[in-house]
Structure formats: structure tokens, C-alpha cells
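The values are calculated or read from the model by the stated rules, or taken from the named source; none is laboratory data. It should be emphasised that the depicted structure is a prediction, and the values quoted were computed from it without experimental measurement. Reconstructed Cβ throughout: ideal geometry from the backbone, glycine too, with neighbour counts over all protein chains shown.
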Amino acid sequence: MSSLTKYRMAETSVLHLKDAEDALMYADGADGKPDLAKPMRIHLFGPGSKQYARALNERQNHNVDLLKRKGKTKESAEDAARTNAEFLTGCTQGFENIESDSGTTGEALWMETYTDQGLSFIRDQVAAFLNETSNFSTPSTKS
């Protein structure tokens, strides 16, 4: 007999962002060139965490609310993007070496990033990363 607890997923993991050309992203150094010591990363709560479950529940509640409104299931592209960004924000623990030109920080920065159509490649990376449970496997279960 063996316990399943050794197979539990880690609650968090870290995504090193890639740009639209699939190159790893780094913050600029003092010389204006990428500083390889400053990877642009997003710390995320995964499917095994309470934060992910809460964000998923909020998204599902939003979808149920859409249905309750006289059977309306369609929403504008802007509303759908906002709903998706709210889910990703709920799964975000923090940004590393990422800042905003507008000066926003924390959840405001995360929402700004996830709703910016010009940065859609970041939103897509985060969503794909969250959907792959192996990104949250614990070291003892990786071979």
C-alpha cells in the first residue's frame, strides 16, 4: 500500500516569460541590454492550490450569471478578455523583474498586463502554463 500524498502538486510554480518570438525575456540592465541575472518571471498558483480553486470558482460563477440573464451566453470580446484576465490575476502570486510604464503594481499591474492585447502572448503563456499540471509537480515525483 502506498500513500497518494507523495504525488501532490506543488501549490506554486514559476514561469519564465518568452517574447512574441519565443525568446526568454530579461529585464534591461543599466546599459539598456537584457540583464541575464534578471529573468522576467511570473509566480503562479497552480491547480493544487486554494487560490487557483477560488479563481476558477469565480470564473464559473461569472459564466452561470451570464446564463441567468435571460439565457444570454455571449459576451463582448472586451468582457471575455476581462473575465479571463481576472482568472489569471487570481492565479498570480507575483511578477518578478516586470514593471509597468504607467507605474501600476500588484494586481493592477497583473490586470493591465493580462488585458493588453499587444501582450496577448504573455496571457497565452500563463494560461497554457496553468493548464499543464506537470508544471506544478513536486521534485520528488519528477523523474
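Details
- Region 72-99 - residue that is of a type in the set (Lys, Arg) and surrounded by fewer than 14 Cβ atoms within 10 Å (Cβ to Cβ) and, of those, farthest from Phe45 (Cα to Cα): Lys72
- Selection from region 1-15 of residues that are of a type outside the set (S, T, N, Q) and either touching a residue at least 60 places away in the same chain (Cβ under 8 Å) or surrounded by 14 or more Cβ atoms within 10 Å (Cβ to Cβ) (or both): Lys6, Tyr7, Arg8, Met9, Ala10, Glu11, Val14, Leu15
- Qualifying residue in region 49-61 (condition: assigned to a helix (DSSP H, G or I), in contact with a Lys or Arg (Cβ under 8 Å, 6 or more places away or on another chain) and of a type in the set (Phe, Trp, Tyr)): no
- Selection count, region 63-89, where residues are touching a residue at least 40 places away in the same chain (Cβ under 8 Å) and not aliphatic (A, V, I, L, M): 1
- Of all residues in region 100-126, those that are without any contact (Cβ under 8 Å) to a residue 12 or more places away in the chain and either touching a strand residue (DSSP E or B) at 6+ places or on another chain (Cβ under 8 Å) or not aliphatic (A, V, I, L, M) (or both) total 10.
Residues are listed down the side, and each one gets a yes or a no for (1) under 26 Å from Leu17 (Cα atoms); (2) at pLDDT below 95:
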position	(1), (2)
Pro39	yes, no
Val64	no, yes
Ala77	yes, yes
Thr83	yes, yes
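- Residue list for region 91-131, filter: more than 19 Å from Arg54 (Cβ to Cβ) and among the aromatic types (Phe, Trp, Tyr): Phe95, Phe121
- Extreme residue, farthest from the chain's Cα centre (by Cα), among residues of region 117-143 that are at pLDDT below 95 and part of a loop (DSSP other than H, G, I, E, B): Ser143
- Meets criteria (part of a strand (DSSP E or B), without any contact (Cβ under 8 Å) to a residue 40 or more places away in the chain and either hydroxyl-bearing (Ser, Thr, Tyr) or within 23 Å of Phe121 (Cα to Cα) (or both)) for Ala37: yes
- Breaking point among (1) closer than 18 Å to Val14 by Cα; (2) hydroxyl-bearing (Ser, Thr, Tyr); (3) in a loop (DSSP other than H, G, I, E, B), for Thr89: (3)
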